[in-house]
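Trainee: Following this message is one structure expressed as structure tokens.
The values are calculated or read from the model by the stated rules, or taken from the named source; none is laboratory data. Computed from a prediction, not measured in an experiment: that's the story for all the values here. Reconstructed Cβ throughout: ideal geometry from the backbone, glycine too, with neighbour counts over all protein chains shown.
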Amino acid sequence: MDFSDTPEEAAFRVQARTWLETNATPRTTEGSEYESLGERIGEAELAAAKGWQKKKADAGWACLHWPRAFGGRDATPIQTVIWSQEEARFKTPPNIYLIGHGMAGPTLMIHGSAEQQQRWLPRMLSGEEVWCQLFSEPSAGSDLAGLRTSAVRDGDYWVVNGQKIWTTGAQFCDWGILVARHDPGLAKHSGLTYFVVDMRSPGIEIRPITQIDGGQGFNEVFFTDVRIPDSNRIGEVGEGWRVAITTLMNERATVGTLSGDAFGSADLIDLAARLEVDGAPALANAAVREKIASFHVIAKGVELTGRRIVSDLSQGKMPGPEASLMKLLGARLIQDMAAYAMDLQGEAGAMVGVDDAAHQGRWQYRYLAISGFRIAGGTDEVLRNIIAERVLGLPADVRADKGMAFRDIPRGG
Ligand SMILES: Cc1cc2nc3c(=O)[nH]c(=O)nc-3n(C[C@H](O)[C@H](O)[C@H](O)COP(=O)(O)OP(=O)(O)OC[C@H]3O[C@@H](n4cnc5c(N)ncnc54)[C@H](O)[C@@H]3O)c2cc1C
């Protein structure tokens with residue numbers, strides 16, 4: 001297979017690069033000022049992220065994969081990958097729009113009414129409004145359909161009570177996509193309805209969770225008698241699971257747009273060239289070279305699996321189990337590479353912080369943050385289940401609660 005750019009793709013790459021060169025600063029091996037932040041998004045980072053998104057939107061470089069009718073460029077999946085590869089070469093603020101642009105927006109395009117699309121998509125695209133995903137609960141993560149947050153109809157409103165958890169960005173988001181249970185008398189997948197909620201509604205309390213890297217990327221979100229207008233319901237009552245699947249399939253599709261550089265092979269080579277082992281550059285050491293080469297082989301395999309996903313997307317197909325394979329191996333690879341980079345630094349590998357550690361502490365931050373990536377969007381075990389069932393054809397997980405009314409499913413106190 002030849003993965004070089006076609007003449008059209010090469011022309012698109014030049015166009016993207018030219019715009020980026022005039023509007024952003026190239027990334028060096030010193031990385032970006034935002035890279036070692038953990039998930040600390042304060043006022044300054046939020047303003048920078050919104051400014052960058054607005055600049056892209058004004059120039060027609062925002063949400064390339066969105067249809068033109070919604071302000072995008074109708075870009076092919078390959079053009080989207082090319083843009084991500086080029087943008088990654090520049091110092092840009094943290095991307096706070098993954099959930100909005102990659103998941104909520106595409107869901108509204110399929111299941112939202114024309115009025116809802118008009119109301120939310122333009123300000124989502126321009127970056128003025130930021131979105132979060134209120135799906136997971138303390139007892140519903142991998143088994144999302146087991147969620148308990150309730151939505152009770154009251155005239156033109158729904159009254160929502162319950163708790164969500166691990167909600168990335170809730171503390172600065174304007175809107176959230178929410179799945180709640182409108183009827184516990186139905187089987188668990190059937191009793192769900194999907195809403196858009198204004199994150200500043202009375203009755204919403206957001207409590208940040210401090211992560212292992214010191215950042216506060218996600219939150220607990222409590223709902224006490226929160227009133228959501230029925231006009232914010234997406235899809236029919238009881239269609240929540242079907243709408244949520246669209247959101248989750250889009251989450252999976254974004255995995256395929258990761259480029260090989262996402263694993264940091266070039267950064268690891270740069271680090272090994274700067275450090276010394278036995279009085280010589282680490283990069284000259286045969287054992288170090290062998291280890292980096294073995295990482296590179298896996299990175300290439302994952303990257304090429306990503307190309308298969310892009311190729312599926314180009315043909316209008318949703319990605320199959322390749323996305324699970326890619327995330328399972330890719331997340332583990334990033335963690336292993338970061339651990340090795342810290343080992344290479346010897347005792348200094350234990351230091352964290354932009355000023356003290358090599359590469360501005362990038363490896364230490366990656367090592368701590370990636371454990372979460374092995375859980376978010378499908379844990380290692382759940383991905384293995386998908387591969388077992390859909391690739392290897394092994395029998396499906398036992399589902400003792402199949403067809404049972406949600407309120408009759410036994411649960412702990
Ligand atoms: C960094 C990060 C950001 C996140 N952001 C968001 C967000 O913005 N919005 C949101 O709604 N959620 C978010 N999440 C939550 C995420 O979707 C859940 O953590 C994930 O779905 C796993 O659910 P859980 O934590 O409840 O673990 P559980 O589902 O309780 O899993 C616990 C353990 O049991 C294993 N397990 C579960 N089911 C099976 C099975 N069938 N077979 C074998 N093993 C199994 C799991 O692999 C895991 O090891 C985020 C999580 C992280 C880490």
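Trainee: In contact (Cβ under 8 Å) with a residue 24 or more places away in the chain, within 13 Å of the ligand (Cβ to nearest atom) and outside the structural domain of Gln171 (by TED's automatic domain parsing): does that describe Gly112?
Mentor: no
Trainee: Show the residue pairs meeting these rules: Cβ distance below 9 Å; 6+ apart or different chains; first residue within the range 220-246 and at positive phi and acidic (Asp, Glu); second residue loosely packed, with under 15 Cβ neighbours inside 10 Å and part of a loop (DSSP other than H, G, I, E, B).
Mentor: Note: pairs meeting the criteria are Asp225/Pro202; Asp225/Gly203.
Trainee: Return only the number of the condition from (1) in a helix (DSSP H, G or I); (2) modelled with pLDDT of 95 or more; (3) touching a Phe, Trp or Tyr at 6+ places or on another chain (Cβ under 8 Å) that Lys50 does not satisfy.
Mentor: Unmet condition: (3).
Trainee: In the range 358-413, which residues are away from the ligand (no atom under 14 Å from the Cβ), part of a loop (DSSP other than H, G, I, E, B) and either in contact with a helix residue (DSSP H, G or I) (Cβ under 9 Å, 6 or more places away or on another chain) or touching a residue at least 60 places away in the same chain (Cβ under 8 Å) (or both)?
Mentor: Correct list: Val391, Gly403, Met404, Ile409.
Trainee: Of the residues that sit in the range 140-187 and are more than 17 Å from Ala405 (Cβ to Cβ) and of a type in the set (Ser, Thr, Tyr), which one is farthest from the ligand (Cβ to nearest atom)?
Mentor: Tyr157
Trainee: Continuing with the same structure: Consider the range 193-212. How many of its residues are in a loop (DSSP other than H, G, I, E, B) and either at pLDDT below 95 or surrounded by 13 or more Cβ atoms within 10 Å (Cβ to Cβ) (or both)?
Mentor: Residues that pass the stated criteria total 6.
Trainee: Mind checking whether some residue in the range 146-154 is more than 27 Å from Val382 (Cα to Cα), buried (at least 16 other Cβ atoms within 10 Å of the Cβ) and among the polar types (S, T, N, Q)?
Mentor: No, the range 146-154 has no match at all.
Trainee: Say whether the condition of being farther than 20 Å from Asn250 by Cβ, modelled with pLDDT under 95 and more than 14 Å from the ligand (Cβ to nearest atom) is met by at least one residue in the range 92-109.
Mentor: Yes: the range 92-109 contains one or more residues that are farther than 20 Å from Asn250 by Cβ, modelled with pLDDT under 95 and more than 14 Å from the ligand (Cβ to nearest atom).
Trainee: Are any residues in the range 276-303 touching a Ser or Thr at 6+ places or on another chain (Cβ under 9 Å) and exposed (fewer than 14 other Cβ atoms within 10 Å of the Cβ), and if so, which ones?
Mentor: Matches in the range 276-303: Lys300 only.
Trainee: Okay, next question. Are any of the residues in the range 127-143 in contact with a helix residue (DSSP H, G or I) (Cβ under 6 Å, 6 or more places away or on another chain) and in a helix (DSSP H, G or I)?
Mentor: Scanning the range 127-143, I find no residue that is in contact with a helix residue (DSSP H, G or I) (Cβ under 6 Å, 6 or more places away or on another chain) and in a helix (DSSP H, G or I), so the answer is no.
Trainee: Which of the numbered conditions does Gln118 fail, given that it passes all the others? Conditions: (1) crowded, with 19+ Cβ neighbours inside 10 Å; (2) in a helix (DSSP H, G or I); (3) without any contact (Cβ under 8 Å) to a residue 40 or more places away in the chain.
Mentor: Answer for Gln118: the failing condition is (1).
Trainee: Take the residues of the range 57-74 that are surrounded by 19 or more Cβ atoms within 10 Å (Cβ to Cβ) and either touching a strand residue (DSSP E or B) at 6+ places or on another chain (Cβ under 9 Å) or free of Cβ contacts under 8 Å to residues at least 60 places away in the same chain (or both): which is nearest to Trp19 (Cα to Cα)?
Mentor: Among those that are surrounded by 19 or more Cβ atoms within 10 Å (Cβ to Cβ) and either touching a strand residue (DSSP E or B) at 6+ places or on another chain (Cβ under 9 Å) or free of Cβ contacts under 8 Å to residues at least 60 places away in the same chain (or both), it is Trp61.
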